[in-house]
Amino acid sequence: MQALTVYLAAPRGFCAGVDRAIQIVEMALAKYGAPVYVRHEIVHNKFVVESLREKGAMFVEELDEIPDDGQPVVFSAHGVPKRVPETARRRNMFYIDATCPLVSKVHKEAERYHKQGKQIILIGHAGHPEVEGTMGQLPPGAVLLVETIGDVENLRISETRKLAYCTQTTLSVDDTAQIVAALQVRFPDIEGPAKEDICYATTNRQAAVKAIAPRCEALLVIGAPNSSNSNRLVEVALQHGCSKAMLIQRAADLDWNWLDGVAHLGLTAGASAPETLVDEVIAALRGRYAVTIEEIAITQENVHFKVPGVLAAA
């Protein structure tokens, strides 16, 4: 049997915001019974969503899909535009907000800058629920979105306008630093957050990939195709010395031909992928290779977020 060394990145998998959001749905089901409605995927992971669906969660994209039956509706970890809780209040819906506290921090920053009369520039990915939620905290036009350095160059803003920037929490640390630098060159007086918006979990998972990428011929990231932080891990691996990297959702997605000639494989999981999927991939690898696991840990995480008070006794 061919030998395969698997470098297991740590930290990997669930972050505190994802763990809290899943707990909120499970505790709401325990306290109020099924169904518990969830607006958008609670986190971007099909395995997690299907597991919660089997327990009685019902996933919808908009509130108008929910009947007036008094059952709770949970807002996803990515955050929602202000119109969503406003609509829920108008309909007297019982809602529970599972927005990650680190996303809520960005919302508060944007609101503070807006009250100060600043034009806000948001670095993020168009169409991502977190970006839609952050931009939706303020009136149209109050937030301008940039995705690339080219977007910075194309901004048309009055020279007299005061500016501030925020970022999506799940971006590439390196790419975002380059965009921030471009903003600061073009707009020397632009204000930014006192502490960067990219969250600790995104930062740590990217740093762990950077640590193992040069040792590997290939690297696998377990995560969903619509997971921003998981996709960034693939990019980081390719940018830091690994010749090929791939995103997979589960062990069934393994491409054995792609692994031909690989003796050193990196393995990590995005912030919304549970550890059980890591175990599943390792088990599949053991079925074909003589696997040696070497965990490379760059830091320990001990962040925990409290669940909303309405669920605390559940």
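Within the stretch 190-208, the residues that satisfy the criterion of being out of contact with any strand residue (DSSP E or B) (no Cβ under 6 Å at 6 or more places or on another chain) and in contact (Cβ under 8 Å) with a residue 60 or more places away in the chain are Pro193, Cys199, Tyr200, Ala201, Thr202, Asn204, Arg205, Ala207. Looking across the stretch 189-208 at every residue that is buried (at least 23 other Cβ atoms within 10 Å of the Cβ) and among the charged types (D, E, K, R), the one that is farthest from Ile293 (Cα to Cα) is identified as Asp197.
Suppose the filter is more than 21 Å from Glu191 (Cα to Cα) and either of a type in the set (Lys, Arg) or touching a helix residue (DSSP H, G or I) at 6+ places or on another chain (Cβ under 6 Å) (or both); does Arg90 pass it?
Working: more than 21 Å from Glu191 (Cα to Cα): yes; either of a type in the set (Lys, Arg) or touching a helix residue (DSSP H, G or I) at 6+ places or on another chain (Cβ under 6 Å) (or both): yes.
Criteria met by Arg90.
So which residues in the stretch 45-68 are surrounded by fewer than 11 Cβ atoms within 10 Å (Cβ to Cβ) and either within 18 Å of Ala30 (Cβ to Cβ) or touching a residue at least 12 places away in the same chain (Cβ under 8 Å) (or both), if there are any at all? If the condition is that a residue be surrounded by fewer than 11 Cβ atoms within 10 Å (Cβ to Cβ) and either within 18 Å of Ala30 (Cβ to Cβ) or touching a residue at least 12 places away in the same chain (Cβ under 8 Å) (or both), then Glu54, Glu61, Glu62, Asp68 are the ones that fit. Every condition in (1) in contact with a helix residue (DSSP H, G or I) (Cβ under 7 Å, 6 or more places away or on another chain); (2) outside any helix (DSSP H, G or I) is met by Val25 except one, and the failing one is (2).
Would you please name the residue that is farthest from the chain's Cα centre (by Cα), looking only at residues in the stretch 1-42 that are under 30 Å from Ala290 (Cα atoms) and aliphatic (A, V, I, L, M)?
Keep residues of the stretch 1-42 that are under 30 Å from Ala290 (Cα atoms), which gives 1-14.
Right, trim to aliphatic (A, V, I, L, M) and you get 1, 3-4, 6, 8-10.
Working: Met1: 38, Ala3: 34, Leu4: 30, Val6: 25, Leu8: 20, Ala9: 17, Ala10: 17 Å.
Filtering first and then ranking leaves Met1.
Residues in the stretch 209-233 that are surrounded by fewer than 19 Cβ atoms within 10 Å (Cβ to Cβ) and either in contact (Cβ under 8 Å) with a residue 40 or more places away in the chain or part of a strand (DSSP E or B) (or both): Ala211, Arg215, Glu217, Asn226.
Of the set (1) more than 30 Å from Glu191 (Cβ to Cβ); (2) part of a loop (DSSP other than H, G, I, E, B), all apply to Ile96 but (2). Residues in the stretch 100-122 that are surrounded by 21 or more Cβ atoms within 10 Å (Cβ to Cβ) and among the hydroxyl-bearing types (Ser, Thr, Tyr): Tyr113 alone. For the stretch 69-82, the tally of residues that are over 21 Å from the mean Cα position of the chain (by Cα) and either in contact (Cβ under 8 Å) with a residue 60 or more places away in the chain or surrounded by fewer than 18 Cβ atoms within 10 Å (Cβ to Cβ) (or both) stands at 2. Under the condition of being touching a residue at least 24 places away in the same chain (Cβ under 8 Å), more than 28 Å from Leu233 (Cα to Cα) and out of contact with any Leu (no Cβ under 7 Å at 6 or more places or on another chain), the residues counted in the stretch 159-188 number 4.
For the stretch 83-111, a tally of residues being under 20 Å from the mean Cα position of the chain (by Cα) and basic (Lys, Arg) returns 2.
A quick yes/no check of all residues on (1) charged (D, E, K, R); (2) in a loop (DSSP other than H, G, I, E, B); (3) more than 18 Å from Ala271 (Cβ to Cβ):
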site: Tyr37; (1), (2), (3): no, no, yes
site: Ser51; (1), (2), (3): no, no, no
site: Glu54; (1), (2), (3): yes, no, yes
site: Met58; (1), (2), (3): no, no, yes
site: Gln71; (1), (2), (3): no, yes, yes
site: His78; (1), (2), (3): no, yes, no
site: Pro85; (1), (2), (3): no, no, yes
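We did not get these values from a lab; they are worked out from the coordinates using the rules stated. Keep in mind that what you see is a predicted model, and the values were worked out from it rather than measured. Quick reminder, even Gly has a Cβ in these numbers, built from the backbone with ideal geometry, and neighbours come from all protein chains shown.
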